[in-house]
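The structure appears right after this line, and notes come after that.
The values are calculated or read from the model by the stated rules, or taken from the named source; none is laboratory data. Just so it is clear, the model here is predicted, and its values are computed rather than measured. Please note: Cβ atoms are built from the backbone with ideal geometry, for glycine as well, and neighbour counts cover all protein chains shown.
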Amino acid sequence: MPDEALSSGALPSGWPKSVKSAIQHVISLAQFAIVAASGWAANALNPRARQAAEMERQGAQIALLTEELRIKDTRLGRIDPRRRPHYSPTERMAILQLKAALGWSLAQAARAFLVEAETIADWLKRIDEDGSSALVQLREPVNRFPDFVRYIVQQLKVLCPSLGKVKTAQVLARAGLHLCATTVGRMLKAGTPAPKPTEAPATQAEVGEAPRSVTA
């Protein structure tokens, strides 16, 4: 009897031959059960049940993304540091933005992206370099002050998704950029336009000037 075999510790003969495929089938079955249960809860009349289902879905997504990152980091970590591919200038900017959003130290950011802390420090020192050969670059040119404001609004939504339109406007006001919530909403709905090939990268004088007030 199967139950008796499990209770006694005995295993079916030849079971190791199919253990890996069995693991795949069990995980797929579990995923099917989770999706079915989540679908029922998401359509429930009770708002608490819907909220609980959404929180469970987000928690599961975080766990899966964490495992995905672990696998990728393990693979990259096996490569000799001198042979690892360099981050592109726009990837360096994205790393620095994420570091700022998470409040990481140099060491924390370095561990997360498999580089040395001195490398992150060098990126920060040279972040305002100008020209096509700059070590750190934005993924789209920001030559005008309105473009700079729009970029900041959209990046805040990416890195701090819990911020609503009003809270985003309040955060910008503390930095000296006064926008109303409806303007923030329009910038978020507009999305990020594709960069124009003829545009030059932003200069330090144009983007690094003192904050000024912008009233919608």
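Is at least one residue of segment 152-170 in contact with a Cys (Cβ under 7 Å, 6 or more places away or on another chain) and hydrophobic (A, V, I, L, M, F, W, C)? Yes, some residue in segment 152-170 is in contact with a Cys (Cβ under 7 Å, 6 or more places away or on another chain) and hydrophobic (A, V, I, L, M, F, W, C).
Scanning segment 101-116 for residues that are in contact (Cβ under 8 Å) with a residue 12 or more places away in the chain and either assigned by TED's automatic domain parsing to the domain that holds Val153 or under 18 Å from Val153 (Cα atoms) (or both) yields a total of 1.
Here the helices (runs of 4 or more DSSP H) wholly within segment 159-216 that include at least 1 residues being out of contact with any strand residue (DSSP E or B) (no Cβ under 8 Å at 6 or more places or on another chain), exposed (fewer than 11 other Cβ atoms within 10 Å of the Cβ) and at pLDDT 50 or above are 165-174, 181-190. Residues in segment 104-158 that are among the aliphatic types (A, V, I, L, M), at pLDDT below 90 and surrounded by 14 or more Cβ atoms within 10 Å (Cβ to Cβ): Leu138, Val142, Val149, Ile152, Val153, Leu156.
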